[in-house]
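Read the structure below first, then the notes.
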Amino acid sequence: SLCLSGTPMENHLGELWAQFDWLMPGFLGDARHFATNWRKPIEENGETLRAALLAQRVRPFILRRRKQDVASELPPRTEVIQVVQLQGQQRELYESVRVAADKQVRRVLQRQDFKGAQISILDALLKLRQVCCDPHLLKGRQANPSMERAKLERLADMLPALVEEGRRVLVFSQFTEFLDLIADQSRALNLPFLSLTGKTPT
């Protein structure tokens, strides 16, 4: 058996345990034993020695391939950061969501400590990210059809020219709903594309 992974082991150790439980059941014990003996001491108590011991235990079974190890002839990656400004109604929506989220998080923090408020904080950040990506992603609100959609508009400006130059473009988003919106836009622009999400049949 073989596990192929992107970055889940960088999220939390529970995902490392899940990979090994599928690959080698029992190697890291059951979930409760692993949480008690490894995850809690490392993640919550910061026990670096225990982290080193866990890394030593799993290292023989992990093959990490980095670009410099397998394709050293490739040039360094070039990053060009595009700043997309929110305008008009989309900016107003962002500000209203920000104010409401700020009030909600402060209310929760009055009753709980920071750790107890993490879910509320993450939910607030999620809503703000959704508005930035596209107002139509925000659950529970009907976006005005005339509302600005800054990222889709920037893509509509960039993609046709890039495709015409013969370039192949990879567009990534953590929101599959946003990828669906990009697919709709690509069809409207007559741009050929392939989409890969968790719904893609294998």
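The values are calculated or read from the model by the stated rules, or taken from the named source; none is laboratory data. All values reported here derive from a predicted model rather than from experimental measurement. Positions of Cβ are backbone-derived with ideal geometry, glycine not excepted, and every protein chain shown enters the neighbour counts. Calculation scope for accessible area: heavy atoms of the full protein, side chains included, ligands and nucleic acids excluded. Shrake-Rupley method; radii C 1.70, N 1.55, O 1.52, S 1.80 Å.
Only lysine pairs 8 or more places apart, or on different chains, with alpha-carbon atoms under 22 angstrom apart are counted in the chain, and they number 9. Label separation (residue 147 vs residue 123): 1.9 nm, computed from points 7 Å beyond Cα along the C-beta direction.
Given the Cα-Cα distance of residue 103 and residue 74 and 0.36 nm per residue of separation, how much length would full extension add, in nm?
Values: separation 29, 0.36 × 29 = 10.44 nm, distance 4.86 nm.
In short, 5.6 nm is gained.
In the full protein context, segment 55-198 carries 78 Å² of accessible surface per residue, based on a 1.4 Å probe and ignoring ligands, DNA and RNA.
The dipole here belongs to the chain: it is taken about the Cα centre, uses +1 on the Cβ of Lys and Arg and -1 on the Cβ of Asp and Glu, and is about 480 debye. Measuring gaps between exposed loop sites in the chain (chymotrypsin sites (Phe, Trp or Tyr not before Pro); DSSP loop; at most 16 other Cβ atoms within 10 Å), the longest gap, sites not included, is 28-113.
Out of the GluC sites (Glu not before Pro) in segment 105-202, which ones are loop residues according to DSSP with at most 12 other C-beta atoms within 10 Å? Hits after loop and neighbour filter: 165. For the pair residue 187 and residue 132, a Förster radius of 22 Å applied to the C-beta separation gives a FRET efficiency near 0.40, rounded to the nearest 0.05. Relative to the dominant Cα principal axis of the chain, helix 48-58 is inclined by about 90°. Along segment 27-32 the Karplus relation, 6.51 cos²θ - 1.76 cosθ + 1.60 evaluated at θ = phi - 60°, assigns HN-Hα couplings of 4, 10, x, 7, 4, 5 Hz to successive residues, with x for each Gly and Pro. Of the trypsin sites (Lys or Arg not before Pro) in segment 94-159, which ones lie in a loop per DSSP and count no more than 16 other C-beta atoms within 10 Å? Here the trypsin sites (Lys or Arg not before Pro) that fit, given the DSSP loop and packing criteria, are 115, 139, 141.
Going through segment 1-91, which GluC sites (Glu not before Pro) have at most 13 other Cβ atoms within 10 Å and a DSSP loop state? All intermediate terms of the calculation are to be shown ahead of the outcome.
Working: sites: 10, 15, 43, 44, 47, 73, 79; in loops: 47, 73, 79.
Filter output for segment 1-91: 73, 79.
Here the chain has 54 percent of its accessible surface on carbon and sulfur atoms, given a 1.4 Å probe and all protein chains in place. Using a simple spin-label model with pseudo-atoms 7 Å out from Cα toward Cβ, residue 171 and residue 64 lie 3.3 nm apart.
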